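Structure first, commentary second.
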Amino acid sequence: MLEYSEPVARLIDEFKRLPGIGQKSAQRLAFHVLRLPEERVEDFVEALRQVKEKIVFCSSCNNLTDVDPCQYCSSPSRDRSMICVVEEPYNLVAIEKTRSYKGLYHILHGSLSPIRGIGPDELMLSNLFPRLSTDEEDGEEVKEIIIATNPTTEGEATANYIARLVKPLGIRVTRIAMGMPVGSDLEFVDEVTMDKALSNRHEI
């Protein structure tokens, strides 16, 4: 087996630590970095440093931001009567792309998974409940919690757990609809997706 010099081997090992990166991808990335001009490598290193130094969690919604509170929590144009709960910051980005949701967010940074040792205490959930009081959301009452966790076993468990905690407070709890993706064919849809599509049908 070909052995790389220690600096190259270490770089490959560091790339392998990234999610979804295996040995071959790590090797390609490492050799790409080796071919880059030195100033490009410095830019890359500086970008990594800036992210670690300047990005923090929003104290209200847990979004990744360089200002606290984040742009969504501080925006006067957002509907403060709705909070959409998502698993990760990139889920927020997906919802924002629709340009149809104008409420606030709460980011959990994970989902319940006993197999992976992730329980309620590991989720960034505790700061959601102070937001549900009138005083916290600039005097406007939170009327609805929209749970937009992923349609997985972990996501469903997380949604049910949050619903059990929030419903006794008298706040409406909704779950995003799931089912047939737009543009797909019925013959390729699995039974769970089809069941969800039938359950979430609406009148036309």
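The values are calculated or read from the model by the stated rules, or taken from the named source; none is laboratory data. Since the structure is predicted, the reported quantities are computational estimates derived from the model, not experimental observations. In this analysis, Cβ positions are derived from the backbone assuming ideal geometry, glycine residues included, and neighbour counts consider all displayed protein chains.
Would you be able to say whether some residue in the range 183-194 is assigned to a helix (DSSP H, G or I), in contact with a Gly (Cβ under 9 Å, 6 or more places away or on another chain) and in the same structural domain as Ser81 (by TED's automatic domain parsing)?
no
Do we find a residue being farther than 30 Å from Ile162 by Cα, modelled with pLDDT of 95 or more, surrounded by 13 or more Cβ atoms within 10 Å (Cβ to Cβ) and of a type in the set (A, V, I, L, M) anywhere in the range 13-28?
Looking for residues that are farther than 30 Å from Ile162 by Cα, modelled with pLDDT of 95 or more, surrounded by 13 or more Cβ atoms within 10 Å (Cβ to Cβ) and of a type in the set (A, V, I, L, M), one finds at least one in the range 13-28, hence yes.
With respect to Val173, is the statement that it is out of contact with any Leu (no Cβ under 7 Å at 6 or more places or on another chain), surrounded by fewer than 16 Cβ atoms within 10 Å (Cβ to Cβ) and either among the polar types (S, T, N, Q) or not in a loop (DSSP other than H, G, I, E, B) (or both) true?
So Val173 does not fit the description; no.
Where the second residue is of a type outside the set (A, V, I, L, M, F, W, C) and part of a loop (DSSP other than H, G, I, E, B) and the first is without any contact (Cβ under 8 Å) to a residue 60 or more places away in the chain and lies in the range 36-65, which pairs have Cβ atoms under 7 Å and are six or more apart or on separate chains?
Once the first residue is without any contact (Cβ under 8 Å) to a residue 60 or more places away in the chain and sits in the range 36-65, its partners that are of a type outside the set (A, V, I, L, M, F, W, C) and part of a loop (DSSP other than H, G, I, E, B) give Lys54/Asp66; Ile55/Asp66; Val56/Asp68; Cys58/Asp68; Cys58/Pro69.
Of a type in the set (Asp, Glu) and without any contact (Cβ under 8 Å) to a residue 60 or more places away in the chain, is that true of Glu87?
Spelling it out, it is not the case that Glu87 is of a type in the set (Asp, Glu) and without any contact (Cβ under 8 Å) to a residue 60 or more places away in the chain.
Output the residues belonging to the range 105-136 that are among the acidic types (Asp, Glu), at pLDDT 90 or above and surrounded by fewer than 11 Cβ atoms within 10 Å (Cβ to Cβ).
Scanning the range 105-136 gives a single hit, Asp121.
Given the criteria within 30 Å of Ile145 (Cα to Cα), of a type in the set (S, T, N, Q) and not assigned by TED's automatic domain parsing to the domain that holds Gly103, does Ser59 qualify?
Judged against the criteria, Ser59 is a match.
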